[in-house]
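This report refers to the structure that appears directly beneath it.
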Amino acid sequence: MIENYNALYNKAIQIKSKYETIEAQLNNREIEKEQLTDNMKNLLHKQMIYEDAISYMKELIDALSRTHINHLEKLLNSAVTTIFFDRKYRIQFEVSEYRNSNCLSIYLIETQEDGLEIKTDIKDNGFGIKTIIGFILQVYFILYHKLSPIMFVDEGFSSISNQYIPYLRSLLNSLKEEYGFIFVLVAHDPRFIDIADQTYEVKNGEVRLVSQP
C-alpha cells in the first residue's frame, strides 16, 4: 500500500510539474501576445503616420510642380507677347496623367478679331513660334537646375521673320539683365549682326573680332 502511495505521489508530482510548466508557457505566450499586440498597434500607428506623410508629400510635390509650371507658363507668355507683338498669342499648359506619371501638353491660344479663340498644339504651329518656345524651355532648364547661364544657339533663330528680330533682341537683353545670361549665336544670317553686342568671324579656322560696342 505504501508502494502504491509513493507511486501515486510521484505521479502527482510529475503532473503538477507538467502543469506548472504548461502554465508558465501559457503565461509566457500571454506576455508574448501582449507584446506582439503592442508592436502591431505601434506598426499600425506608424503606417498611418507614413501614409499621411506620403499623402502630404504628394500634395507638396503637386504644389511645387504647379508652381514651376506656372512660372514656366508665365515666362513663355512673356516671351511670346514680347516677340510676336502683333498677334494675340498666349500659351496654355495642360497636365494629364499617362501611365501613372504626369504628362505636360503645350498649346498656343490665338484670339481672333471677333474674340474667337483658336487652340492648337504647339507642335502643329510654324517654326518661328516653336523656335521661341523651344528656346525658352532651354532657358528655364538652365534656371531650374542652376547651371551656368551660357547658351550656344546654332542657327536657332533663322526661322524668325524680319519684323520680329528687334523684339527678339529685347527678349535676349531682358534675360541677360535679369538672369545674367550670355548668348552665343552661331549664324550665317546677316540679320543678326546688328543685334549682337560683339561680332566674330570664323574664316579658315581662325576667329576674328569684327565689331564690338
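What follows is calculated from the coordinates using simple rules that are stated; it is not laboratory data. These numbers were taken from a predicted model, which means no experiment stands behind them.
Data table
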item: Above-threshold pairs, the threshold being 22 Å between Cα atoms, out of LYS119/LYS146; LYS146/LYS176; LYS119/LYS176; LYS74/LYS123; LYS11/LYS33; LYS88/LYS123; result: LYS119/LYS146; LYS119/LYS176; LYS11/LYS33
item: Hz values of 3J(HN,Hα) by residue in the range 69-86 - Karplus curve (6.51, -1.76, 1.60), Gly and Pro given as x; result: 5, 4, 5, 5, 4, 5, 5, 5, 5, 4, 5, 5, 6, 5, 7, 8, 5, 8
item: DSSP-defined antiparallel bridges as percent of all bridges, the range 101-197, nearest 5; result: 50 percent
item: Using θ = phi - 60° and Karplus 6.51 cos²θ - 1.76 cosθ + 1.60, couplings along the range 140-152 (whole Hz; Gly, Pro as x); result: 5, 4, 5, 5, 5, 8, 6, 8, 4, x, 10, 10, 9
item: Potential extension, ALA24-SER105 segment - 0.36 nm per residue separation minus Cα distance; result: 22.3 nm
